[in-house]
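Taken together, the values in this text are just the output of simple stated rules run on the coordinates, not laboratory data. Remember, predicted model here, so these are calculated numbers, not experimental data. Heads up, the Cβs are rebuilt from the backbone with ideal geometry, glycines too, and the neighbour counts pull from every protein chain shown.
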Amino acid sequence: MGFEFGYSMANPNALVIWEAQFGDFANGAQVMIDQFLASSESKWHQMNGLVLLLPHGYEGQGPEHSSARLGRFLQLCAEENMIVVNITKSANFFHVLRRQLAWEFRKPLIVMSPKSLLRKKEVVSPMKDFTKGGFQEVLDDSYVDAKKVKRVVLCSGKVALDLQEKQAKDKRKDVAVVRLEQLYPYPEKQLEKVLKKYKDAEVIWVQEEPKNMGAYGFMLMHYGSIPCISRKASASPATGYYKVHVEEQERIVNEAFDV
């Protein structure tokens, strides 16, 4: 990561990407992340556009292959020092990479990128979404009838696909699933615009991560008081037992629709 950081510094017009086989492998590069990536602009007024691709998603492969430590990256965010995204649409991924070089400035880009989404047809975008428009920080729910919605489920990343599967299976048009594709900088205006449609609905936060991890603490700071459905607080990012993982995931999804 240090090499790629230096290369990106020397060649700011190149799209330089450092990818971890699993997101938690970035733990070994924590010194680079803390000392250089998150703080170099504040300490030395040096911009850098390095992209980190960190597979992140609870897919039943155990604690060492589940978490890119989203919450840890969000704790490092301040003064618009870097971008943190958790993307669920292929066109959105294309546009966020294109944006890296289209900007007149450079910011590190941290991408939470679950491997299981590579196999899901729901993340595929039509060709027109690649050739028109741009990156969307917030994705609204096109399935529901806004007037009938009693609960808005805010979430980010892979869990949105699990929630949408449950929504379609049970034909639930009273629960809207709204995705934050970009977490930092926090898309306050974009989210407010979407939530205006559901002004009488309850708003909750749903995440796969344990309650003391993920983006819940970040949401409390930026959104304010909001109920959370998640795994229980844990010292480990995930269970090592696949059966327990499935039970936990099912509980999270079912509770999200328990209105």
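Classify the chain as rounded, prolate or oblate from the Cα gyration tensor: take a ≥ b ≥ c as the square roots of its eigenvalues, call it rounded if a/c is under 1.5, otherwise prolate when a/b beats b/c and oblate if not. Prolate, because a/c is 1.5 or more and a/b exceeds b/c. Angle of helix 90-102 to the longest C-alpha principal axis of the chain, folded into 0 to 90 degrees and rounded to 10: 30°. Identify the residues of the range 52-77 with backbone N under 12 Å of a label point that sits 7 angstrom from the Cα of SER236 along the Cα-to-Cβ direction, or state none. The answer is 61-66. Modelled spin-label separation between ASP200 and ARG251, with each label point placed 7 Å from Cα along the Cα-to-Cβ direction: 3.4 nm. Here the dipole of the chain is about 720 debye; that uses its Cα centre as origin and unit charges on the Cβ of Lys and Arg (positive) and Asp and Glu (negative). Which of rounded, prolate or oblate describes the range 139-256 when judged by the alpha-carbon gyration tensor and an a/c cut-off of 1.5? Taking the square roots of the gyration eigenvalues as a ≥ b ≥ c, the range 139-256 is oblate.
Summing Cβ point charges (Lys, Arg +1; Asp, Glu -1) relative to the Cα centre of the range 194-247 gives a dipole of roughly 80 debye.
With K and R counted +1 and D and E -1, the other residues having a Cβ less than 15 Å from that of GLY240 yield a net charge of -3.
Near SER40, once Lys and Arg are set to +1 and Asp and Glu to -1 for all other residues with Cβ below 15 Å from its Cβ, the sum equals -2. Under the shape rule built on the C-alpha gyration tensor, where the axes satisfy a ≥ b ≥ c, the range 2-131 is oblate, since a/c reaches at least 1.5 while a/b does not exceed b/c. Quick check: the angle from helix 159-169's long axis to the longest principal axis of the chain, C-alpha only, nearest 10 degrees? Helix 159-169 sits roughly 30 degrees off the main axis of the chain.
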